[in-house]
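The structure under discussion appears below in the form of structure tokens.
The values are calculated or read from the model by the stated rules, or taken from the named source; none is laboratory data. Remember, it's a predicted structure, so these values are computed and weren't measured experimentally. Here Cβ is always computed from backbone atoms with ideal geometry, including for glycine, and neighbour counts include all displayed protein chains.
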Amino acid sequence: MDIFSDPSLLFCVLLTFKVAGAATCIAGLLGLCLAWRLSSLRGWTGKWIDALCALPLVLPPTVIGYCLIVLLGRRGLLGQWLAEYGINLIFSWQGAVVAATVVIFPLSYRSTRAALESVDHTLEDAARTLGASEWRVFTRISFPLAWRGIFAGLSLAFARGMGEFGATLMIAGNLPGKTQTLALAIYDAFQSGNDNRALLLVLLTSGLCASLLVLAELVGGARFIAARGTQRN
């Protein structure tokens, strides 16, 4: 079976990349901003914020999907407001992006924070002493020294976004040619008894995710290992 000769398979691959890519960009930006502002925060406030940011890692995907439906559904708190502007995220690929963003955000945030905290703070303090603004310290010192760890975390988040299933199924559905990603296509092929198609998609997804993890290891090195250790704790 040739993936490039099967429009439905090609659509699943392209949609998976689009959803995972968009979710990684959003989660990466939010994670970077939050980690930057909270990297120096200590005490119980920082612990509670860390716990809230890590919550999607431990919640069942169905719980995340249900919360998103309650929030973004037509009768939801934000869904009603979005509907006034003609925006409906339920059963759309944009809804899949929202679900993937929520699921992968903890990976982005925690790896980014670990990378920023690994930077030698004496360099940042020296720059502030010389009159550099916080933005200049971040762009000239913190980010250039931490970008490898940040990139490694984003690679892991992208790989996780490619495999997102539960929350995506609940909020975006499994609509072939519209919202069906690789993970949903595997489930659909298995349910219909099409083992050859399911095996092809499993091998394709596994190969892509493995390649991303290898890339993260090559680029992130020790920082990536430290970030994963942080995620386990």
Test result for THR168, part of a helix (DSSP H, G or I), of a type in the set (Ser, Thr, Tyr) and over 30 Å from LEU14 (Cα atoms): no
So ARG160, is it under 18 Å from TRP36 (Cβ atoms), part of a helix (DSSP H, G or I), among the charged types (D, E, K, R) and at pLDDT 85 or above: no
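Do we find that LEU9 is closer than 21 Å to GLN180 by Cα, modelled with pLDDT under 85 and buried (at least 16 other Cβ atoms within 10 Å of the Cβ) in this structure?
Working: closer than 21 Å to GLN180 by Cα: yes; modelled with pLDDT under 85: yes; buried (at least 16 other Cβ atoms within 10 Å of the Cβ): yes.
Criteria met by LEU9.
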Helices (runs of 4 or more DSSP H) contained in region 25-126 and holding at least 1 residues modelled with pLDDT under 90, under 19 Å from ALA152 (Cα atoms) and small (Gly, Ala, Ser): 43-58, 93-117
Selection from region 185-218 of residues that are touching a Gly at 6+ places or on another chain (Cβ under 9 Å) and either touching a residue at least 60 places away in the same chain (Cβ under 8 Å) or of a type in the set (Ser, Thr, Tyr) (or both): THR205, ALA216
